[in-house]
Amino acid sequence: MAGSVMGKLFMVSTFGESHGKSVGVIVDGCPSQLPLNEEDIQKELDRRRPGQSDLVSPREERDRVEILSGLFQGLTTGTPICMAVFNRDTKPGDYEAIQNLYRPGHGDWTYQQKYGIRDHRGGGRASARETIGRVCAGAVAKKVLARQDVKILGHVIQVGKVSATAFDPEFIEKNPVRCADPEIAGKMADQIRAAQDEGNSLGAIVEVRVTGLPA
């Protein structure tokens, strides 16, 4: 399946489905002798874990990562690193009623057309749970880049028609929308709640800032 593998020097291959046994990633190309443990990955996963507020998915998952390969005595070995999160709150029966329905905005129709088969349980691969593998890989990449004093910061600058104008990096982790503008974060949250009440959705814009990157 195209789209599951990203990168050339630092290759990332995500795997798993929303209501399958697990989701995760294989990272190939990580340098050897990089100090790494599950807690390094877990702190990033905890930031994306569902069920933390009324603005995100209510699904109850602990999202505990297990590093299955690529480590020895707390150091990377230079071989592929496999990281997996085993799904716990799987309720495939909740999707039986829509097994033959195609939901607007989901990958149902395109998957069926392209592959002739689809996993209707929560969208299968076309699910936000696929991002778990990306977060795990990103956590490793951040540690690699930190060796070169490269730092990465992301924050939400727009939700719907509400845009941030100020930037306070210390405020990003203090609000559920991860906005750096203390005056606007609450308005963004209100927009999301209003869309939820209407059974609607909103677009958003995320800004990523990278410092220390050589020219």
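Values quoted throughout were computed directly from the atomic coordinates according to the rules given, and no laboratory measurement underlies them. Everything numeric in this text was worked out from a predicted model, so none of it was measured. Note that we place each Cβ from the backbone using ideal geometry, even for glycine, and neighbour counts take in every protein chain shown.
Observations on the structure shown:
- Sites matching trypsin sites (Lys or Arg not before Pro) across region 158-215 that sit in DSSP coil, with at most 11 neighbouring C-beta atoms within 10 Å: 161
- A Stokes-Einstein calculation at 20 °C with viscosity 1.002 mPa s, built on the Kirkwood radius of region 1-147 over Cα pairs, returns a diffusion coefficient of 131 µm²/s.
- Only Lys, Arg (+1) and Asp, Glu (-1) charged, at Cβ; region 159-215 dipole about Cα centre in debye: 120 debye
- Chain lengthening between residue 39 and residue 100 when straightened (0.36 nm per residue, less Cα-Cα): 17.9 nm
- P(r), alpha carbons of region 151-215 - 10 Å bins starting at zero, rounded %: 22, 48, 22, 7, 1
- Applying both filters, DSSP loop and at most 10 other Cβ atoms within 10 Å, to the trypsin sites (Lys or Arg not before Pro) of region 20-91 gives 21.
- Karplus (6.51, -1.76, 1.60) ³J(HN,Hα), θ = phi - 60°, over region 10-25, in Hz, Gly and Pro reported as x: 10, 8, 10, 10, 8, 8, x, 10, 3, 10, x, 5, 7, 10, x, 7
- Loop GluC sites (Glu not before Pro), region 38-86 (other Cβ atoms within 10 Å of the site Cβ: 13 or fewer; DSSP): 60
- Extension gain for residue 206-residue 53 works out to 53.2 nm (0.36 nm per residue, less the C-alpha to C-alpha distance).
- Cα centroid of region 118-197 to Cα centroid of region 67-99, whole Å: 21 Å
- Ordering 191, 160, 137 by the projection of their Cα atoms onto the charge dipole of region 106-203, which places +1 on the Cβ of Lys and Arg and -1 on the Cβ of Asp and Glu, puts 137 at the extreme positive end.
- Here the Kirkwood formula puts the hydrodynamic radius of region 98-210 at 16.8 Å, using every distinct Cα pair.
- Estimated FRET transfer efficiency (residue 64, residue 8; beta-carbon r; R0 25 Å; 0.05): 0.25
- Reachable lysines, given that their alpha-carbon falls under 29 Å from the alpha-carbon of residue 91 and they are not under 8 places away in the same chain: 21, 43, 114
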